[in-house]
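What follows is a set of notes on a single structure, which appears directly below.
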Amino acid sequence: MSPTGIVRSVFAAGTALFAALGLVLRDDPRWFAASGLCGLLWGGWGFLTDYILHPLTHWSGHVLMRITGGGPAFPLRPTVDDTIRSLESRLDTGASRESDIRAALVLEELYRTVRKDPVNAARVLAAARARYPDAPELQPDVGRHARWE
């Protein structure tokens, strides 16, 4: 639940609670006043967020995007190039056997399917096979589905 939803829920619960207390304790009208105040705050908060704060943040976000050049200050997701660089670096430094094998398989698939570069795909598999010659996942006769099981 968003912070705005939490505030609205608190005001709604306060409205209902104070109204119920006003009905039970009929001799004190302050409960109804508190219920009315919570109801006004509930509606006011909804109006403030729906018609002022959300449009203002949306507008200011567009202004900031225009000022900074039309895109986010930093990429929110890694690109294919970032992923390839990361996997190449991981294979160069070497982690664990399983991690290296999985990184090599993913890198090979990226080179083969996304980049359409069979030379680099073969290079990655050859390097992984040289490092781990007994790994069954890296053998050419293993099917695609059997590699990940």
Where a residue in region 54-70 is without any contact (Cβ under 8 Å) to a residue 12 or more places away in the chain and its partner, wherever it lies, is basic (Lys, Arg) and surrounded by fewer than 10 Cβ atoms within 10 Å (Cβ to Cβ), with Cβ under 8 Å and at least six apart: none
Quickly run through region 1-38 and pick out the residues that are under 23 Å from residue 54 (Cβ atoms) and in contact with a Gly (Cβ under 7 Å, 6 or more places away or on another chain). 8, 15, 38
Tell me, yes or no, whether region 18-25 has at least one residue that is in contact (Cβ under 8 Å) with a residue 24 or more places away in the chain, in contact with a helix residue (DSSP H, G or I) (Cβ under 6 Å, 6 or more places away or on another chain) and either among the hydrophobic types (A, V, I, L, M, F, W, C) or surrounded by fewer than 12 Cβ atoms within 10 Å (Cβ to Cβ) (or both). no
For residue 106, only one of the following conditions fails: (1) modelled with pLDDT of 90 or more; (2) of a type in the set (A, V, I, L, M, F, W, C); (3) surrounded by fewer than 12 Cβ atoms within 10 Å (Cβ to Cβ); (4) more than 30 Å from residue 15 (Cβ to Cβ). What is its number? (3)
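The values are calculated or read from the model by the stated rules, or taken from the named source; none is laboratory data. If you're wondering where the values come from, they're calculated on a predicted model, not measured in any experiment. All Cβ positions, glycine included, derive from the backbone under ideal geometry; neighbour counts span all protein chains shown.
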